[in-house]
1. Gaussian network model of the chain, Cα springs within a sub-10 Å range: biggest mean-square fluctuation belongs to which of 112, 31, 40?
2. Just to confirm the number: angle between the C-alpha axis of helix 3-65 and the first principal axis of the chain, 0 to 90 degrees, nearest 10?
3. Calculate how steeply helix 97-109 sits against the longest principal axis of the alpha-carbon atoms of the chain, using the helix alpha-carbon long axis, and give the answer as 0 to 90 degrees to the nearest 10.
4. How would you classify segment 1-54 from its alpha-carbon gyration tensor, with a ≥ b ≥ c the square roots of the eigenvalues: rounded for a/c under 1.5, else prolate if a/b is greater than b/c, otherwise oblate?
5. What is the order of 138, 45, fewest Cβ neighbours within 10 Å to most?
6. Using a Gaussian network model of the chain with C-alpha springs under 10 Å, which one of 50, 81, 32 is most mobile by mean-square fluctuation?
7. For the chain, what is the calculated [θ] at 222 nm in deg cm²/dmol (nearest 500), taking -39500 (n - 2.57) for each run of four or more DSSP H residues and dividing by its residue count?
8. Based on the Cα gyration tensor of the chain, what are the three equivalent ellipsoid semi-axes, each the root of five times an eigenvalue, rounded to whole Å and given largest first?
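Values in this text are rule-based calculations from the coordinates and carry no lab data. Predicted model, so just to flag it, every value in this text is computed and none were measured. We place every Cβ from the backbone using ideal geometry, glycine too, and count neighbours over all the protein chains shown.
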């Protein structure tokens, strides 16, 4: 074997090793990126849940301060705020079964208001309207 053949073989071995190391580094980088994305998704889920809890506390405070019927403008706007908070929780926790049950319960606690005041469908997302229909079948639509 002459020197040029030996150098070609050595260069090929070095190139194969460099390719293998590059492939290994690429694999490790992909694993790190997947792990990072999972951590980011978990963080976002926790942030959404924290926001939903804050909204639920706000709902509870408004509910405590209002009467069952929207007999005054203040009561009307308090009930309107409760429906808006309920929809917000529905939107940020969409797909979470436990929160879906909580949203249904929240709507049922607002049944008197939903039965006695016309609800404008155009102001709500369709998925929330469906939950509202299921929770309070006789809701008044405007």
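1. Checking each option, the largest mean-square fluctuation is seen for 31.
2. Helix 3-65 sits roughly 10 degrees off the main axis of the chain.
3. 10
4. On the way: a/c = 14.33, a/b = 11.76, b/c = 1.22.
Verdict is prolate for segment 1-54.
5. Listed from fewest to most nearby Cβ atoms, that is 138, 45.
6. 32
7. So the calculated ellipticity at 222 nm is -27500 deg cm²/dmol.
8. They are 62, 14, 10 Å, listed from largest to smallest.
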